[in-house]
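Since the structure comes first, as structure tokens, the remarks are kept for the end.
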Amino acid sequence: MSLSPDTETLRRVARLRRVIADLQAHETPDERLVTVTVPPETPVHEIAGRLTREYAAAADINTSTTQTAVREALAALRDHLREYDTVPVNGLVLAAGVLDEARVWTLDVLPASVPSLRVERDQRFRIDPLLAMCPDPTPERDAALLADLFARRNGDGTAVAGFRPTRRELTVGAVEQLLISERLVADVAVYDCPEGHETHTLIASDEPTPDRDCPVCGAVANGERAEPAEAVTHLLALADRHGGDPTLVTPAADCGERFHAAFDGVGALLRYPTGE
Ligand SMILES: [Zn+2]
């Protein structure tokens, strides 16, 4: 699958925002969370050398549990780095910390270049270089779009909300503006029932695809992950193919939480009424 350059940037921003939200959720009582930012064209051995020096310097950490946790995080980062022969085109951001167990986060397809090589240790992940890569949230613009969406949906029918109605309008080329919540994290499953009805549904990421009743005839339908499975990428690819200007909307906007909770965080302003 290839997306147009603008849509690809949007996809990268959407992924970055989700990882940022995940990283922001963690805070530890001691300084054990390690964030590594690597600019493009940095030789991998240089990063490995830096991690080795940080590992040695951890000898100066007085508290033994913190020292152990930091070293475990640095070792996990060094292991992870072996997957790279070269640094990706916009650089690399790695984060690691021992929470219940050692965990590593990777961002290697970034919307903008990483400015400098930094290894930082703190009670929180140092996400400021990541935030700098995201366009500023625009709650006023997003609130206006969502107000328009709800008004038109209840009024002349030139808007839809929810994954399935929005997907349907995308596939027939009726979408003028596609709205996706920044917080949308889900995969798309395709269900085929024995009567030949095909439906697309959002399912939680990294969970098995359960059997469902076909919404048309009620027969038991088997599901499989759609290609691409990730919901944001799936919707962006449809918008690329059939038309529709995509926008990520912030949950901080008025109606943003309602849009996310009640409508899957997916909706569209249409070129003409749906007729439903
Ligand atoms: Zn059916």
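The values are calculated or read from the model by the stated rules, or taken from the named source; none is laboratory data. This is a predicted model, so every value here is computed, not measured. Methodologically, a virtual Cβ is constructed for each residue, glycine included, from the backbone with ideal geometry; neighbour enumeration extends over all protein chains shown.
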Members of the range 167-198 found to be surrounded by fewer than 19 Cβ atoms within 10 Å (Cβ to Cβ), part of a strand (DSSP E or B) and either away from the ligand (no atom under 16 Å from the Cβ) or outside the structural domain of Leu146 (by TED's automatic domain parsing) (or both), listed by number: Glu176, Gln177
Filter result for Arg241 (among the basic types (Lys, Arg), more than 16 Å from the ligand (Cβ to nearest atom), free of Cβ contacts under 8 Å to residues at least 24 places away in the same chain and in the same structural domain as Asn154 (by TED's automatic domain parsing)): yes
Which numbered condition Thr106 misses (of (1) more than 21 Å from Cys134 (Cα to Cα); (2) of a type outside the set (A, V, I, L, M, F, W, C); (3) surrounded by 15 or more Cβ atoms within 10 Å (Cβ to Cβ)): (1)
Qualifying position, being closer than 30 Å to Val249 by Cα and not aliphatic (A, V, I, L, M), among Glu83, Glu27, Glu101, Glu72: Glu27
Considering residues of the range 229-276 that are closer than 22 Å to Cys134 by Cα and β-branched (Val, Ile, Thr) only, the residue modelled with the lowest pLDDT: Thr250
Qualifying positions in the range 73-103 - aliphatic (A, V, I, L, M), assigned to a loop (DSSP other than H, G, I, E, B) and surrounded by fewer than 20 Cβ atoms within 10 Å (Cβ to Cβ): Val89, Leu99
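Limited to the range 202-217, what total is found for residues that are among the polar types (S, T, N, Q) and more than 18 Å from the chain's Cα centre (by Cα)? Talk me through it step by step, then tell me what you get.
The first filter runs over the range 202-217 and keeps only residues among the polar types (S, T, N, Q), leaving 205, 209.
Still in the running and more than 18 Å from the chain's Cα centre (by Cα): 209.
Total satisfying the criteria: 1.
Per-residue answers, yes or no, for (1) touching a Leu at 6+ places or on another chain (Cβ under 9 Å); (2) over 15 Å from Phe125 (Cβ atoms):
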position	(1), (2)
Leu33	yes, no
Val44	yes, yes
Leu51	yes, yes
Ala58	yes, yes
Asn62	no, yes
Leu77	yes, no
Output for the range 245-276, where each listed residue is closer than 28 Å to Cys193 by Cβ, of a type outside the set (Phe, Trp, Tyr) and in a loop (DSSP other than H, G, I, E, B): Asp264, Gly265, Thr274, Gly275, Glu276
Positions within the range 92-114 being farther than 19 Å from Ser64 by Cα and not hydrophobic (A, V, I, L, M, F, W, C), in sequence order: Arg103, Thr106, Asp108, Pro111, Ser113
Index of the failed condition, Glu120 passing every other in (1) under 23 Å from the mean Cα position of the chain (by Cα); (2) in a strand (DSSP E or B): (1)
Some residue of the range 207-222 being more than 16 Å from the ligand (Cβ to nearest atom) and in contact (Cβ under 8 Å) with a residue 24 or more places away in the chain: no
